[in-house]
Amino acid sequence: MTRAARSLGSVLQKEAVRSVSSDVNFALTRFPEYTIGNNNVLIEPKEEIKITPLKDIVAKETAQLLEQQRRLSVRDLAKRFEKGLATAVKLSSKSRLREVTSLDKHVLLKKLRDILEILREHVVGRNKDDVDEAISMVEALAVQLSQTEGELFLEKEEVKKLASFLKKATEDAKKVVEEERAHAHEEIDNARAAMQRIEQALNEQENISESGEKQDLEELKKEVQEARRIKMLHQPSRVMDMEHELTALRAQLAAKSIYAVQLHKELEVCKKVGQIKTCLYELEGLESLGSCLQIISHMENNPEILNWSIQWYRIQPGGERKEVISGATKPMYAPEPFDVGRFLQAEIVVRGERVPLRTTSPIEAAAGLGSYVEALVRKPETVFNVVVLQINGIDHPSNSLYLFHVGKLRVKLSRGRTIKAKEFYSSSMQLCGVRGGGSAASQSLFWQATSNLSFCLGFESPRERNAALMLARRYAFDCNIELVGPNDRY
């Protein structure tokens, strides 16, 4: 009985201490970090000031809220301490009942001993010995009862100590719970305020990002437009550091070429003194690719040249067979890559008489054009910036930039994501330089994509226009297609 009571008291005490140590949230949740120096002196580490990111703060507060949710509630903690206190009260009542029972036993044993003493005086012989033995047994029971009362007293003291301990622990736990509740309410309010601040900051950041994106988009559009304008104004070149020297050399070469052509024409005039009508008209311009040839008249009171009948021809060197250039019926003509190495001849019909005008030498190729085209051939597709001048022979007033794609299998004209025309190389496709067109003829190109759709395109420079013609005809030739101008197949 005594051992069972002691073990029960120790179990209750351990349970009470375990419940307090596991459920109470102390201010410090980990052991302090320190180092041991000389003479066993504890040295605490210096705390470094760290700026915690907003994301880490939110994660930490969320973890704390989840940890608080996993804790025992106030009601459960109170129930556990009240249960322990009720157990202690029950043990105390049991000890009281034992004390009353032990008192009754003492009274009974005393009465029994008195009766046995009286009985011993009235008996003799063997019966007296039995009475003496009974008296000794009663005295032994009294001694045993006294020992039991001592143990019961000790148990009573232990129960009183346990009850006082549980009462104090209950009060401490209630106090800790109240503090935790206040701390939890404060943390919840802080978390709500933090969430409101985060939501407000996210809304402000979203508004700022939207306005910033719109502003960046507008700036990007302006930069693209400015880049396109600069690109249109400046002729692209693979060797930009030599552009100025090449420009100066080309200007000198052009001046000497004009002077040589003039001398050659004067020599021809001296040789053909009898041909007076031919001397009245002349071809003006450089006889090279990228320039324009124009018919001029030296007659006074000369009628308008546009009213005359004009036709341009190609003539192979060393031969007299003329090849008609279809559509070339204007006083001005811009040579194209197909004319390189051939003479050009214009015939004017004046009052029923035919007057021929012929270049003094074959058309020369543009300097550096061949290597430029060879460099472009290595690419799967070459894109040129163009302006649409005419669509189906009707002037197109828009000055918007388009992209002219020359690929190995097809030709495409687009603006942004909109595709104006896209056709594969075929025998029905026509691509050549513009016939006539004024001083811009050397930079213009005629493209008939289908029988019902044609374009007149303006390039950035004569070099780009001639490169596009050479690339397209080369790719078409690889597809076993001869790509020339209208009715220029011989």
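Go through 193-203, 341-351 and give me the packing order, highest mean Cβ count within 10 Å leading. Write down the numbers at each step before the final one.
Details: 193-203: 11.2, 341-351: 16.9.
Taking the mean over residues of other Cβ atoms within 10 Å, the ranking is 341-351, 193-203.
On the accessible surface of the stretch 128-212, probed at 1.4 Å, how many percent belong to carbon and sulfur atoms? Walk me through the numbers on the way to the answer.
Working: 3290 of 6030 Å².
Answer for the stretch 128-212 is 55 percent, counting heavy atoms of protein chains only.
Of the listed peptides 420-428, 457-465, 125-133, what is their order by residue-averaged count of other C-beta atoms within 10 Å, with the highest listed first? Please report the intermediate quantities before stating the final value.
Working: 420-428: 14.6, 457-465: 21.1, 125-133: 12.1.
By packing density, highest mean first, the sequence is 457-465, 420-428, 125-133.
Kindly rank 162-169, 213-220 from highest to lowest mean number of other beta carbons found within 10 Å of each residue. Intermediate values should be presented prior to the final figure.
Details: 162-169: 16.5, 213-220: 10.1.
For the peptides 162-169, 213-220, the packing ranking is 162-169, 213-220.
Using a ≥ b ≥ c from the Cα gyration tensor of the stretch 363-490 (square roots of the eigenvalues), is it rounded, prolate or oblate, where a/c under 1.5 gives rounded and otherwise the larger of a/b and b/c decides, a/b for prolate?
Values: a/c = 1.24, a/b = 1.15, b/c = 1.07.
Rounded shape, in that the Cα axes give a/c under 1.5.
Counting only protein chains, not ligands or nucleic acids, how are 115, 391 ordered by accessible area (probe 1.4 Å), most first?
Numbers: 115 105, 391 40 Å².
Ranked from most to least accessible, the order is 115, 391.
Roughly how large, in nm² to one decimal, is the mean projection of the convex hull of the alpha-carbon atoms in the stretch 173-234? Don't jump to the answer; show the numbers that get you there.
Numbers: hull surface 22.2 nm².
Its Cα hull, projected and averaged over all orientations, spans 5.5 nm².
At 7 Å along the Cα-to-beta-carbon direction for both residue 200 and residue 130, put a label point, then send me their distance in nm to one decimal.
Going by the 7 Å Cα→Cβ label model, 10.2 nm.
If ligands, DNA and RNA are left out, what is the accessible area of residue 66 with a 1.4 Å probe, given in Å² to the nearest 10?
Near enough 80 Å² of accessible area.
Say a paramagnetic label sat at a point 7 Å from the Cα of residue 461, along Cα to Cβ; which residues of the stretch 344-379 have their backbone N under 12 Å from it?
Within reach of a label on residue 461: 367-369, 372.
Calculate, in nm to one decimal, what residue 408 and residue 264 gain on full extension: separation in residues at 0.36 nm each, minus their alpha carbon distance. Numbers along the way, then the final one.
Details: separation 144, 0.36 × 144 = 51.84 nm, distance 4.26 nm.
Using 0.36 nm per residue and subtracting the Cα-Cα distance, I get 47.6 nm.
Assuming 0.36 nm per residue, please report the length gained on full extension of the stretch residue 358 to residue 395 beyond their Cα-Cα distance. Display every interim value, and only then the final one.
Values: separation 37, 0.36 × 37 = 13.32 nm, distance 3.23 nm.
Contour length minus Cα-Cα distance gives 10.1 nm.
The values are calculated or read from the model by the stated rules, or taken from the named source; none is laboratory data. All values reported here derive from a predicted model rather than from experimental measurement. All Cβ positions, even for glycine, are placed from backbone atoms using ideal geometry, and neighbour counts span all protein chains on display. To get the accessible areas, we keep the full protein, side chains included, count just its heavy atoms, and leave off ligands, DNA and RNA. Shrake-Rupley method; radii C 1.70, N 1.55, O 1.52, S 1.80 Å.
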